[in-house]
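See below for the structure under consideration.
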Amino acid sequence: VSGKENVPPVGPLIVVSNHLSNIDPSIVAVSVSRRLKFLAKSSLFMGPFLSALLRWYGAYPLNRDRIDVTSFKWALNQLRQDGVILIFPEGTRSKGSMIKAKPGVARLVQMSDATILPVAITGTEHIGNVMRVVHPTGNIKVNIGSPFSLPKIDGTIDSAILKSMTDMIMERISILLPENYRGVYKINKRGKTK
């Protein structure tokens, strides 16, 4: 883990990361060293035991098939209590390189005024089953970037502004990653994403 000194010790924080594996929330939680909570797809909350375990771990169900107002309000409430929320803006695991992010994280930032902490993970895509956790075949690396904020926008925020803010967030993650992981957020020679 590099960049642990970049983690703000207090205050509302949105941790944003690329997403390669189901173990990413655990890896980020250990790396950030602050109690964090996160949204997880609702289909994982099957049965009372697994649902209780996920909630104990800090997860809250997110319906990815529609705009989930309840999950959004839950995340906003956590931030208003100086909590830490982990969000994977891509909305799902990628196959090794970053995919286009969803705009929900930018909207949450605008409504909460929380600080954003970019985190980049590599190596977890090689952990496909329990045996690889016990006997890993690759190196997992976590790179924690500098915290930042987005400008506050008053009034209505249209989709173009949300997209631009989402891209800014994703570019902060992208620059922490090796080039082959950057996917749609590769930076060209002029400093713009391709």
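What the table shows:
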quantity: Nonlocal amide H pairs with LYS41, under 5 Å, H built at 1.01 Å; calculated: LEU62
quantity: Under 11 Å, Cβ to Cβ, from GLN78 - net charge with Lys/Arg +1 and Asp/Glu -1; calculated: +3
quantity: Rounded to whole Hz, the Karplus (6.51, -1.76, 1.60) HN-Hα couplings of the stretch 109-123, x for glycine and proline; calculated: 4, 5, 7, 10, 6, 6, 6, 10, 10, x, 9, 10, 10, 9, x
quantity: Residue-by-residue Karplus 3J(HN,Hα) for the stretch 70-79, coefficients 6.51, -1.76, 1.60, Hz, glycine and proline x; calculated: 4, 5, 4, 5, 4, 4, 4, 5, 4, 5
quantity: Residue-averaged [θ]222 nm for the chain, counting only DSSP H segments that reach four residues, each worth -39500 (n - 2.57); calculated: -9500 deg cm²/dmol
quantity: For the chain, share of DSSP beta bridges that run antiparallel, in % to the nearest 5; calculated: 25 percent
quantity: Nearby aspartates and glutamates by direct alpha-carbon distance to LYS95 (threshold 15 angstrom, same-chain neighbours under 8 apart not counted); calculated: ASP24, GLU125, GLU179
quantity: Length-normalised contact order for the stretch 4-185 - Cα pairs under 8 Å, 6+ apart - percent; calculated: 30 percent
quantity: Using a Förster distance of 25 Å, the FRET efficiency for THR156-ASP65 (Cβ separation, nearest 0.05); calculated: 0.45
quantity: Charge dipole (debye, nearest 20) of the stretch 4-185; +1 at Cβ of Lys and Arg, -1 at Cβ of Asp and Glu; calculated: 360 debye
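Since every read-out is calculated from the coordinates, none of them should be taken as a lab result. All of these numbers come straight from a predicted model, not from anything done at the bench. Quick reminder, even Gly has a Cβ in these numbers, built from the backbone with ideal geometry, and neighbours come from all protein chains shown.
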